[in-house]
1. Given the condition within 22 Å of Arg78 (Cα to Cα), of a type outside the set (Lys, Arg) and exposed (fewer than 14 other Cβ atoms within 10 Å of the Cβ), answer yes or no: does some residue in segment 2-22 qualify?
2. Among the residues of segment 1-50, which ones are of a type in the set (Val, Ile, Thr) and within 12 Å of the chain's Cα centre (by Cα)?
3. Kindly indicate whether Lys22 is at pLDDT 95 or above and touching a helix residue (DSSP H, G or I) at 6+ places or on another chain (Cβ under 9 Å).
4. Any residue in segment 63-72 that is exposed (fewer than 11 other Cβ atoms within 10 Å of the Cβ), at pLDDT 95 or above and among the aromatic types (Phe, Trp, Tyr)?
5. When the residues of segment 23-40 are filtered to those that are outside any strand (DSSP E or B) and free of Cβ contacts under 8 Å to residues at least 24 places away in the same chain, which remaining residue is surrounded by the most Cβ atoms within 10 Å (Cβ to Cβ)?
6. With the structure loaded, tell me whether Gly71 is without any contact (Cβ under 8 Å) to a residue 40 or more places away in the chain, in contact with a Lys or Arg (Cβ under 9 Å, 6 or more places away or on another chain) and on the phi > 0 side of the Ramachandran plot or whether it fails that test.
7. Counting only residues that are among the charged types (D, E, K, R) and in contact with an Asp or Glu (Cβ under 8 Å, 6 or more places away or on another chain), which one in segment 23-63 is farthest from Val75 (Cα to Cα)?
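The values are calculated or read from the model by the stated rules, or taken from the named source; none is laboratory data. Note that the coordinates shown come from a computational prediction; the quantities given were computed from them, not determined experimentally. Please note: Cβ atoms are built from the backbone with ideal geometry, for glycine as well, and neighbour counts cover all protein chains shown.
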Amino acid sequence: MSSAYISTKYLWPTNNRGLRIKATCKCGSITVSWDYSLNDNENHTNAMKALVNKLNLDWGNEWTVGSDHEGYLFVPVRKHNVVTL
């Protein structure tokens with residue numbers, strides 16, 4: 001399952017839609033509206049969770065996450081992909 005990850009990115013506001021987050025994986029994608037009562041990390045995490053629920057993914061409950069200027073990358077934690085430095 002080497003390609004098991006979810007990326008999220010900002011979809012900036014337009015004249016017709018507010019700020020949104022798009023979560024994408026190899027199996028599909030979902031777009032969720034920005035919740036202004038939550039912080040940045042929580043909004044991206046909610047988008048990731050919405051995609052997991054939509055696609056009924058069984059990738060476990062532990063995830064590691066990183067971010068850059070475009071969004072976040074969520075990777076499920078598995079014994080074979082844990083690195084100790």
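1. yes
2. Ile6, Thr8, Ile21, Thr24, Ile30, Thr31, Val32, Thr45
3. yes
4. Checked against the condition, which is being exposed (fewer than 11 other Cβ atoms within 10 Å of the Cβ), at pLDDT 95 or above and among the aromatic types (Phe, Trp, Tyr), segment 63-72 yields no hits at all.
5. Trp34
6. No; evaluated as a whole, the condition is false for this residue.
7. Asp35
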